[in-house]
Amino acid sequence: MGSNRFAGKVIVITGGAGGLGAAIAHEAGRQGASVAILDTNKDAIALLVSELKAAGITADGRAVDVRDGKAVTTAMNELAQSLSGIDILIAAAGGSLGTPRELDDITDEDLDLVLDVNVKGTYYCARAAIAHMKKRGGGSIVTFSSIGGRSASPVTGVPYAAAKAAILGLTRRLAKEVGLEKIRVNAIAPGLFLTDRLAGMFEKLSLVEREEVLSAIPLGRMPELRECVDPVLFLASDESSYITGAVLDVNGGRLMPN
Ligand SMILES: NC(=O)c1ccc[n+]([C@@H]2O[C@H](COP(=O)([O-])OP(=O)(O)OC[C@H]3O[C@@H](n4cnc5c(N)ncnc54)[C@H](O)[C@@H]3O)[C@@H](O)[C@H]2O)c1
């Protein structure tokens, strides 16, 4: 992996203080990027930004709720000012956000939360970042779908499935819209990656459900975080310069769509 692949590039990572986001932040920085973190978790942002800086990486962050379109635009403008532009957006803020899996347990508020953070949040962040990418003459956006939006997951519920499927439509239409601006938009659809949060969720599954997940993975093992980070950074980088509107499934073969 070229260690200076992102030299001179500014990468914004939403949900950047989370499990996958922080791993992406460290690796992008290691490969030369300046890194900006957007997340709601103020303390985690502060800790991560100081870790990145200690590793010699230019970094900044803003505490913002991606459901607030105006606040997202303001934060994105401030980060573009402080880091001299935006080249790459990794829109990782999202998840099932602690909402229940079973239909009878899901409240209307749960449904709104999952759809708003994942779908509208991705939309607002992409819209705000695109304005800056146009000024740079191009860019790359990676959105976060999920195996749970590509098929019926045993782990997450209906709102998550709907939100992560919607992100694919958003990704394709956006890719069509900004292609001539040399901005590429692709989705990553990870299988189960055991970040701290998901390790807890996985442990709570019954033995049968856990076995169902593992036995359905042709590679026969759970992945390391790096195995999601590298495909995300591939889509973010010029190595994927002729790929747009695509979805990259990263699931050990658990789902093999046509
Ligand atoms: N880990 C997996 O197995 C897996 C699988 C498929 C898809 N994904 C997707 O990958 C992305 C990252 O997942 P993760 O496992 O790192 O989750 P995570 O919970 O560790 O991180 C998510 C981050 O998003 C932030 N966030 C939540 N709501 C927000 C909001 N309204 N505004 C701004 N930030 C907000 C959280 O503070 C957290 O830091 C999510 O979109 C998730 O759905 C993860």
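Amide H to amide H distances under 5 Å link Gly245 with Val185, Asn186, where only residues 5 or more positions off or on other chains count and H is placed in the peptide plane.
Kirkwood Rh over Cα pairs of the chain into Stokes-Einstein at 37 °C, 0.692 mPa s: D in µm²/s? List each step's numbers first, then the result.
Working: Rh = 18.2 Å.
D, rounded to a whole number, is 180 µm²/s.
About its Cα centre, the stretch 58-106 has a charge dipole of approximately 160 debye under the convention of +1 per Lys or Arg Cβ and -1 per Asp or Glu Cβ, with nothing else charged. If one takes the longest principal axis of the Cα atoms in the chain, at what angle in degrees, from 0 to 90 and to the nearest 10, does the Cα axis of helix 19-30 lie? For 19-30 against the chain, the angle is about 30 degrees. Shape call for the stretch 83-129 from the C-alpha gyration tensor, a ≥ b ≥ c root eigenvalues: rounded (a/c under 1.5), prolate (a/b greater than b/c) or oblate? Prolate, because a/c is 1.5 or more and a/b exceeds b/c. Listing Leu198, Leu52, Leu83, Leu219 from fewest to most neighbouring C-beta atoms within 10 Å gives Leu219, Leu198, Leu83, Leu52. Close Lys pairs in the stretch 10-245 (alpha-carbon distance under 22 Å; sequence gap of 8 or more, or different chains): 14.
Placing +1 on each Lys and Arg Cβ and -1 on each Asp and Glu Cβ, with no other charges, gives the chain a dipole about its Cα centre of roughly 1060 debye.
The angle between the Cα long axis of helix 226-236 and the longest principal axis of the Cα atoms of the chain comes to about 50 degrees, rounded to the nearest 10. Between the amide H of Gly138 and any residue lying 5 or more places away or on another chain, no distance stays under 5 Å, with hydrogens modeled in the peptide plane.
Working from Cα pairs under 8 Å separated by at least six residues, relative contact order for the stretch 10-245 is 19 percent. For the chain, the 222 nm mean residue ellipticity estimated from helices alone, with every DSSP H stretch of n ≥ 4 adding -39500 (n - 2.57) and the total spread over all residues, rounds to -14000 deg cm²/dmol. From the backbone phi of the stretch 148-164, what are the Karplus-calculated ³J(HN,Hα) couplings (6.51 cos²θ - 1.76 cosθ + 1.60, θ = phi - 60°) in whole Hz, Gly and Pro given as x? So the Karplus estimates, Gly and Pro as x, are x, x, 9, 7, 7, 7, x, 9, 10, x, 4, x, 5, 4, 5, 5, 6 Hz. In sequence order, the stretch 206-219 has phi-based couplings of 5, 4, 4, 5, 5, 4, 4, 5, 5, 6, 8, 9, x, 6 Hz under the Karplus curve 6.51 cos²θ - 1.76 cosθ + 1.60, θ = phi - 60°, and Gly or Pro positions carry x.
Relative to the longest principal axis of the Cα atoms of the chain, the long axis of helix 42-54 makes an angle of roughly 60 degrees.
Here, each number is a calculation from the coordinates, and none is a lab measurement. In this text, all values refer to a predicted model and were calculated from it rather than measured experimentally. Methodologically, a virtual Cβ is constructed for each residue, glycine included, from the backbone with ideal geometry; neighbour enumeration extends over all protein chains shown.
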